[in-house]
1. Would you pick out the residues in region 124-169 that are among the acidic types (Asp, Glu), closer than 16 Å to Leu106 by Cβ and assigned to a helix (DSSP H, G or I)?
2. Taking only region 79-114 into account, find how many residues are in contact with an Asp or Glu (Cβ under 7 Å, 6 or more places away or on another chain) and among the hydroxyl-bearing types (Ser, Thr, Tyr).
3. Residue by residue through region 23-65, note down the ones that are of a type in the set (A, V, I, L, M) and closer than 18 Å to Arg86 by Cβ.
4. Tell me yes or no: at least one residue of region 97-104 is out of contact with any Lys or Arg (no Cβ under 6 Å at 6 or more places or on another chain), of a type in the set (Gly, Ala, Ser) and free of Cβ contacts under 8 Å to residues at least 60 places away in the same chain.
5. If we keep just the residues of region 20-42 that are hydrophobic (A, V, I, L, M, F, W, C) and closer than 13 Å to Leu128 by Cβ, which is surrounded by the fewest Cβ atoms within 10 Å (Cβ to Cβ)?
6. Would you pick out the residues in region 51-72 that are in a loop (DSSP other than H, G, I, E, B) and either on the phi < 0 side of the Ramachandran plot or surrounded by 20 or more Cβ atoms within 10 Å (Cβ to Cβ) (or both)?
7. How many residues does region 170-182 hold that are without any contact (Cβ under 8 Å) to a residue 60 or more places away in the chain, part of a loop (DSSP other than H, G, I, E, B) and loosely packed, with under 15 Cβ neighbours inside 10 Å?
Amino acid sequence: MHSQQEEERPMDSTIRTRASAPSVFGAVYSSVAADTRCRPVARCMRTHAVEVACLARELAPLADADAGDAFAAGLLHGIGQLLLMRRDPPAYLELLADPSSHGDLLVREQDAFATDHALAGAEYLLELRMPDPVADAVADHEDPFVSSSPTTIVVAAADELLGSDATRRHAVAMLDVPEGFADDGGARWGALGS
């Protein structure tokens with residue numbers, strides 16, 4: 001089911017969101033990747049963002065989410081990490097090098113930056129006037145709740161399936177993902193469209 005805001009959003013806003021998400025991501029990515037210390041990590045983040053965007057778009061029908069919003073939010077879900085890295089490259093790279101679990105990342109970001117990447121990303125997108133479904137998905141992708149928007153749930157599920165923490169499957173459990181799909185880290189995600 002689409003939220004009321006998703007259903008009532010004017011077509012020009014939908015087109016603007018789909019067209020601007022890659023530009024927004026590219027601008028932030030380029031500014032971070034220009035720093036040679038950050039470039040390898042930024043490239044990994046870019047690859048992950050594109051993979052999450054594509055998988056979120058494929059998962060969208062399972063939650064009756066808008067595929068375009070799912071793609072845009074998937075692409076932008078980790079933009080806060082790039083923003084924090086841009087703010088203080090040595091501190092953020094050190095934080096990422098810590099072998100602690102993914103679940104600890106938000107806490108470590110809060111300790112180091114007085115914010116976390118999900119909140120920093122969502123606030124940045126709202127400043128750019130991105131639609132609420134996209135900004136909300138970015139804000140809540142690390143820990144969606146049952147009443148989260150369909151866009152949030154599919155972005156979180158895509159991030160979980162493509163992430164390295166196999167114990168993190170909260171959003172995946174909210175979707176009717178085909179049998180065995182979650183067991184292979186989403187490697188067969190193209191099969192959803194078949």
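Here, each number is a calculation from the coordinates, and none is a lab measurement. Nothing here was measured: the structure is a model prediction, and the numbers come from that model. So basically every Cβ, Gly included, is an ideal-geometry build from the backbone, and we count neighbours across all protein chains shown.
1. Once the filter is applied, which keeps residues that are among the acidic types (Asp, Glu), closer than 16 Å to Leu106 by Cβ and assigned to a helix (DSSP H, G or I), region 124-169 yields Asp140, Asp159, Glu160.
2. So the count comes out to 1.
3. Passing the criteria: Val24, Ala27, Val28, Val32, Ala33, Ala34, Val41, Ala42, Met45, Ala49.
4. Yes; the residues of region 97-104 include at least one that is out of contact with any Lys or Arg (no Cβ under 6 Å at 6 or more places or on another chain), of a type in the set (Gly, Ala, Ser) and free of Cβ contacts under 8 Å to residues at least 60 places away in the same chain.
5. In the first step, residues of region 20-42 are kept if they are hydrophobic (A, V, I, L, M, F, W, C); the result is 21, 24-25, 27-28, 32-34, 38, 41-42.
Keeping just the survivors that are closer than 13 Å to Leu128 by Cβ gives 21, 24-25, 27-28.
Numbers: Ala21: 23, Val24: 19, Phe25: 22, Ala27: 12, Val28: 21.
Checked region 20-42; the qualifying residue surrounded by the fewest Cβ atoms within 10 Å (Cβ to Cβ) is Ala27.
6. Selection gives Ala65, Asp66.
7. Selection size over region 170-182: 3.
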